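**Q** Next up is a structure, given as structure tokens.
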Amino acid sequence: MTPVFTFFAVEKGNMTLVEFPNGLNMLVDCRVSATKPSPLQYLKQRIQKLDVLVITHPHHDHLTGLAEICEHYQPKGLWHSGRYFKPDPVFDDWTYYEKLRKGELAFCTPRQVKVGQSIVTGDSRIAILGPSEPFLEGTVDDVNNNGIILSITTGNSHVVITGDTQEEQWSKVDSRALANVSVFLASHHGRESGFSERIMRAMRPQRIIISDGEPADTCAMERYKRFAPVSTTRENNVVVRPSVVPAVANSYK
């Protein structure tokens, strides 16, 4: 069996739940939307416990709803990129995130993750493909380009989850670690700023998920469609068990 991935409809943000066959539940990012259920409401519909919380980077659209989730589930672990960022203005969920990151909440153990690390849970392997060290500086957006990139493999299933990785961080990722991807969560909500031709050719994904609201002028959906079928969270959640994705060769235009 392979994990179940739920990409929640949170408009212009990210929130992904990974339910591993051995019972471990991992949440990657969260976001409060004015027109959708809250992150906690979404999770209550699917899980009774949350083991690991991953925040790819501490931007508002990947972080809101955090405190409510943690107060309810009290996850045992937080994975973070290690790069400090203070928003202006400061908001409550960022303040709560900092408490988690500093180990100030007894129920949760923080862990800085970086490229080269891997964690095995049941039959699945979670590899960290980013961030690298030293951190990238002087890029278009240093917070985006030092975010966490996850590669989750279970048998022949291979799912890659990003935050808002842009070209500068993609250029540091070893493309060999991206071969034969079953499902790819498009970076930066499917915008042009997160699209990389080199990375897409390395991945050869079977399916692409875009987590976004109404499309903007910078949407790269048509470029992604050259590589694989695309699903979006604009209307509803997208639930995927990668083992049911047909293993077919892709052609490029």
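The values are calculated or read from the model by the stated rules, or taken from the named source; none is laboratory data. None of these values were measured; they are calculated from a predicted model. Because the Cβ atoms are built from the backbone with ideal geometry, glycine has one as well, and the counts that use them run over all protein chains shown. Keep in mind that these areas ignore ligands, DNA and RNA; they rest on the heavy atoms of the full protein, side chains included. Shrake-Rupley method; radii C 1.70, N 1.55, O 1.52, S 1.80 Å.
**Q** What is the distance in Å between the Cα centres of segment 38-61 and segment 1-23?
**A** Between the Cα centre of segment 38-61 and that of segment 1-23, the gap is 9 Å.
**Q** Shape of segment 78-228 from its Cα gyration tensor (a ≥ b ≥ c, root eigenvalues): rounded if a/c is under 1.5, otherwise prolate when a/b > b/c, or oblate?
**A** oblate
**Q** Across the Cα atoms of segment 97-173, what radius of gyration and what greatest pairwise Cα-Cα distance (Dmax) are found, in Å?
**A** Both quantities, over Cα of segment 97-173: 14.1, 39 Å.
**Q** Rounded to the nearest 500 deg cm²/dmol, what is the calculated helix-only ellipticity per residue at 222 nm for the chain, with -39500 (n - 2.57) per DSSP H run of length n ≥ 4?
**A** It lands at -4000 deg cm²/dmol.
**Q** For segment 138-246, with all protein chains present and a 1.4 Å probe, just round the carbon and sulfur fraction of the accessible area to a whole percent.
**A** C and S atoms contribute 46 percent here.
**Q** Right, something else. Principal axes first, then extents: for the Cα atoms of segment 131-179, list largest minus smallest coordinate on each axis, whole Å, largest first.
**A** 38, 18, 16
**Q** Modelled label-to-label distance, Gln45 and Lys102, 7 Å Cα→beta-carbon offset: nm?
**A** 3.6
**Q** Give the value in nm², to one decimal: projected area of the alpha carbon convex hull of the chain, averaged over all directions. Can you show the working numbers first?
**A** Values: hull surface 50.6 nm².
So the Cα hull casts an average projection of 12.6 nm².
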